[in-house]
Structures are given as C-alpha cells and as structure tokens.
1. Mind checking the mean number of beta-carbon atoms from other chains within 10 Å of the Cβ atoms in A:82-94?
2. Principal axis extents for segment A:199-318, Cα atoms only, whole Å, descending order, please.
3. Using a 1.4 Å probe on protein heavy atoms only, how many Å² of accessible area do A and B hide from each other, summed over both chains and rounded to 100?
4. If you take the beta carbon distance between residue B:342 and residue B:292 as r and set R0 to 22 Å, what does 1/(1 + (r/R0)^6) give as a FRET efficiency, to the nearest 0.05?
5. First measure r as the distance between the Cβ atoms of residue B:84 and residue A:242, then evaluate 1/(1 + (r/R0)^6) with R0 = 51 Å and state the FRET efficiency to the nearest 0.05.
6. Given R₀ = 56 Å, FRET efficiency for residue A:190-residue A:48 by Cβ-Cβ distance, to 0.05?
7. From a point 7 Å beyond the Cα of residue B:266 in the direction of its Cβ, which residues of segment B:278-310 have a backbone N at a distance under 13 Å?
8. Taking Cα atoms, how many degrees apart are the long axis of helix A:249-284 and the longest axis of chain A, rounded to 10 and kept between 0 and 90?
Amino acid sequence: MNSLSPEVALSRISPELRPLLCSVVRNGRVGLDSTNCLRITDLKTGCTSLTPGPCCDRFKLHIPYAGETLKWDIIFNARDPELPPDFIFGEDAEFLPEPSELPHLVAWDAGDPDCLLQLVKELLQQYHQYQCQRLRDSSRLLFEYDSLLEDPNYGRSMEIYAGRKNSWTGEFSARFLLKLPVDFSNIPIYLLKDTALDPGEDVALLSVSFEDAEATQVFPKLFLSPSIEHALGGPSALHIPAFPSGGCLIDYVPQVCQLLTNKVQYVIQGYHKRREYIAAFLSHFGMGVVEYDAVGFTKLTLLLMWKDFCFLVHVSSCAGCCFCAVMITKTHRHALN
Amino acid sequence: MEEYSTTVRLSGFVLGSLMFQHLNTDSDVEGLLVGESVREEKSKITDSQTDHIQFLHTINIQKHITCRRIHSFYNNACEIDEEKIREITSNFNEENVIGWYRQRRNTTQQMTLKEQLVHQNLRRLLPHQELIFILLTPSDTTSSGSTHRLEYTAFIWNGSQYSSVLISIGNLGMLDQQDYWRFSTTCPSLSRCQAVKKHKTKFFSTEDDLREVEKVSNMNDALLDEMKTACEKVEKSERLVEKLQADITELKEAISKQKKKQQQCNTTETSTPNEPKENVLLCAALKALFPNSPSLRTQTLTVQGFPVLEVCCSSEHGIDIPSRLPLVLEYEQGLRKRKTSRDCRSQEKSQVAGTSLRRKRKRNTTDTQDPVEEEEVDNLQDSNSPVF
C-alpha cells in the first residue's frame, strides 16, 4: 500500500477536485480517534492513459474507526467534477446507507471544499448505525451497547465494530471504543508541551474487545494521546484492571475512568506540591539557591555553609511524585573563594 | 430436488462494442442493455433420482444503448428519471430492456453505493424483468501501460444481496454443439428477421404456437368435451340402475316378509317337499273334456311312459267351469256336434278298423296290460284326443 503524504497526494489529484481533498487531508479528523488523520492511498485515474496529468480522480480513503481502519474507495470523474462521488465500502458490501440520511450527497456542492469531508462524516454516522444493528446477532453484546447508550457520559462518544460471524464456529466478536470523559485541562503545560509529539486533542480511549458473543474472552486496552501518556509517566505508568469475569461494561468503564482520573489528579497535585515545596525552600534559603527547575519544580540546588564547611544540597524529585532525594556534596571553602 | 442456475450470454461483438465505446471515452460510461430473458425447466430422471428439476435462466444480451454521459437518467439521490429512460429506449420495446451497465477504469469489481441504489430503483421501475447489472473495469497491469486488463462481471439481485453471475461470451457463433438449439441466436440480423416475419404466419399462430399444435390442441379439447358428455350419461344410467336395484331389494324384502306370514298361517296345510303341486284348473278342464279318461289326470308316469292310474286325481275341486273355463264348454259343444255327424258316416269303417287293431294289440301287448288301458284305447278311437 503506497501511503502518500498529503502534499504528494494533492499534487496528483485533478485540479478541479483538489480543494475537496485538501480539506480532507488537512482537516480530516473524524470519529473518536481524532489523533489519526484521514489518509489517502492508491490514487488512480478514470481517464485514458493518453490523458496528460494530473488527472487522478479516484483513491482509497483510510478512516480510523473503533480501532479498525476502514478503507473506502472514493470515485470521482475528472471530466465531470461537479458530480458527487461514488463509494465502495470495502469488505462491508452489505452496508447500504439511505440517500435521505446523506444531505451532502443529495445536495452536493462541488464548490464547497468541506462538502466531501462532511459527506464522509455522514457516511460514518450511517456506518455506526449499521454496526449497531449487527450487534443484534448477540443479545449479550446488544445488552452491553444498550446499557452504555443510556449513560450520557459514554453513550455519545462510542464507536462499535461488529466482526464477521464465524460460519464454522458460530463465534461473533465485537469491539467497543469509548472516549473517556476525563478532564486533562489542568495537567501542567510543561508535561504536555512537546513539539515532537502529536499536538492534537488530548484524549483517552478505552477499547474493549469481545472475542466471543458470551463475553468470556474480553480484552480491554487503554489508548492515550502521546502527550497525555508522557504526562502520566509513560506507557507503563498506568495499568488498567482486567475485565472481571461475568462483569459488564457499564460497571467496568466507570472504574477505568475513575482510575485514570485519579492518576491525572495525582500528577496535578504532585506538581502543585512540588511547587509549594520549592517555594518553601526558596523562601527559607533564598540567598543560598544555586539553581532550581522553574518549570517542573523537580530540582533545586542549595549552597550552604556550616562552620567553614561548605556543601551543596541537591534536592530532586521525579515529575510524577513529591518524593525528594537529597544529595550533599562536600566542598572546601577555599574552592569557593 | 430443485436446482437453479442463471447464465448471461454476451456475444463477442457486443462486448467489443462496449470496449470500443469506453476506450474512446475519457471517463466512466454507462448505458442500458437490451436482450431477452429465457426461462427453462428441465426434469432430469436418473436411476437414483426421479425428481431432479433444473430451473435454467438464460439472459441473452443483444444490444447496448449508450448514455451520452453518466448521471443522465438519475439524480444525486439515485432516483430514476422515467422520462429520460423512455427517451433513451424510444426505439426499443421497454420489455426488452434487461439491465444496465457501467464501465469504470482502475476500480475494483464491486458495486458502488450509487450503482446499488440505481439498480434498486430500476427494478422498481421495470418490475416485469429480472434486471442485471454488468460492470466492466479496465485497468493497467503494468506501469508502462503496455498491458491492459478488462474484468467483467454480471450482478443480479437474489433477494437479500447482489450475487455475481457467470458471463458466457460467444465468439462468432454458438460454442456448444447441439442437435437442437434451445435458444435463439443473439442479435439476429435485420434481413433474417424480415424473412422470418414474412413466412412466420404459415407456421405459427398469433400467439407464436405452431399451427399443428393448435389444431391438435383443438381436437384434444373436442375429445375432452365428448368424453365429458359420455361420462355424464354413464353417471345418469348408473344412478338409475342404483335406484332400480334399491327398488328390487325393497320388493324382495316385502315378498319375503309376506311369504313368512303366509307360511306361518298355513303351517298344517304344507305338503311334503317332494309332492308335486296340482294344477286344479287343468285337472277340472281335463275332467270336463275327457270324463272317461282318468289317466289324463295323473301326474306320475312309469319308466316306459305310461300313466300310473293309482295316483290319478279323482277329487272334485269345485271349479265352476262356465265361469272359470268358458272356452272349455264351447270346445266340448263343438266336439259333440262333430262326433254325432261323424258317427253316422264312419260307423262301419270304425267297426272294421277297431277289430284289426284289437287283434294286433293282443299279439303285441304284455301280461301287465290293464283292461282299463284297453278301454281307454277304445275311448281314444272315439275321440280326437291326443294319444299318450
């Protein structure tokens, strides 16, 4: 699969269609996992090989959804750019949305750069409905979905992917992707600020995979946006509990949410405590401060003297906790002079 | 056991025409398909199975109607414009439209969202036909563009989803060797059609049946009518017979009841089973006519055929001859008259004849002969009564 950078993709697209794709590749964040942008691959043309380029008018759009990546073919016609696009929904051949639920298809406006992106969002909504309908094959999973739907904290931010029913074993699997309503706004900015990492929205997603319809094999996984993960101390900083046998999502998800919230609060409080701690040192040993971490308040070095004995005191703590380690370095008075 | 199969037949020149159309167009193309749909039911009997039925559906594509551009007969919501369809198919019978096609480069062999919606709406508009959708997807197989590939598939709605159907391409003629062709040729030429149409009425009726078949069918109908009439007659006669049998049964029952009653009343007067019954009227008539011949009133004969006089009836039955047997009296009176006139003429003759007869009889008769019998013989000479 030839993954193209947005600029390369745009350069090969037919000029009449370029504004539409520009909106998709630059602003194309759909669904819960908005950290991943929409990607375009397999650019092809519907014109003859004698037609000079750029004339690509059909491509494959990769859409993150419920932990999967949907690969939809979008087909334009370079000679008729005013016509709305056509779609092939990959392996979901049975997915057939109603045109009445797609206002941006019925009232297609080729002059609106956001029209294609809006149409893709509408199709995703219909796709979500289609996947929820497929959950009816399993009463257990349908119960999980209905119970989460009733809770406003989770019902509005949920994506479901129902797998294929195994015709041999009769097994049916599904994945729930939920956006956890955790407030990350009070996390210290210095923890989140990292240009090397994704600067997108801070989000925590909980993915729960049911490998069978009776929920005997359930595998949860927590996905954090890179900045949050870094802020909390890395991938190994937070371990969510295993899904309890016989449990259900409506009990488990709030438990994970609370755990994450507690962790975030711990980080925030730790920061504030460290700041207070450093402030106290500064106020008491203001003249003896050699240096200190004014961003994270994790380090402080003091130069102290007692009866012609001069020494440096290094105070440090890790970003996630208030634990202080003290190291004393002996020095001679004459060295200081 | 039932088996269903659907086949799409496409001639080589129609496929070539489709390819030529798309090659000369710088975008996707679409249009309508014209042809005929033939359904056939074959019953296959083998040693192991006697009820194997095959339902064969063959769709012959004879022509294609090109649309000038895509999206010409439907809108963004894929609703069909009926006027546009009629305009496109103005030169053809609407019943001959058997589907539509689309050609799109460098895409997969899978129906798109619009194609599925358009096909659904076309099926609603043309419900009399099972429509097919043919998808042709040419693509480059090499980066240099030296080799191209064309994939083609027919899709048909099978009730729950679209299924692909095998397309059979005929090159210059029918590839399968058969003694009898069950299907007409694809896209027959205009001159052939004209010639057939000119002479068709001689062999086929207005409903495209062979004329002989129509005649046989009429005769069969007439035979059936006659048989029906005969059956009705038989039914009537059988019912009459049934009714008569019922009446007879009733009468028999009545007679047997009456007999039982009579038997109960006459228990003392019943004779021995073997005793013969006497015809009293006959006995009375014989006595009146032949009073001197008691042997005529016997019912028993010897082995030689002579009457046994011991069992002659000598009782008076009390029959009133004039009222019960008037003809006997008339006959007796006529006999008397003839006798008196005869006596005068043949008295002498009878005396001589009587003497010779007596002599012969004396020589021929046995010892058992009764003198009564001799007397009877004499009496017989006197009368015209039959001789036993």
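The values are calculated or read from the model by the stated rules, or taken from the named source; none is laboratory data. What you see is a predicted model; the values in this text were computed from it and never measured. Using ideal geometry, Cβ is built from the backbone for each residue, glycine included, and neighbour counts are taken over all protein chains shown. In case anyone asks, the SASA skips ligands and DNA or RNA and just uses the protein heavy atoms, side chains included. Shrake-Rupley method; radii C 1.70, N 1.55, O 1.52, S 1.80 Å.
1. Rounded to a whole number, the mean comes out at 4.
2. In descending order, the Cα extents are 76, 30, 18 Å.
3. Summing both sides, the interface buries roughly 2400 Å².
4. After rounding, the FRET efficiency stands at 0.80.
5. 0.25
6. So the FRET efficiency works out to roughly 0.45.
7. B:278-280
8. So the helix axis and the longest Cα principal axis differ by about 30 degrees.
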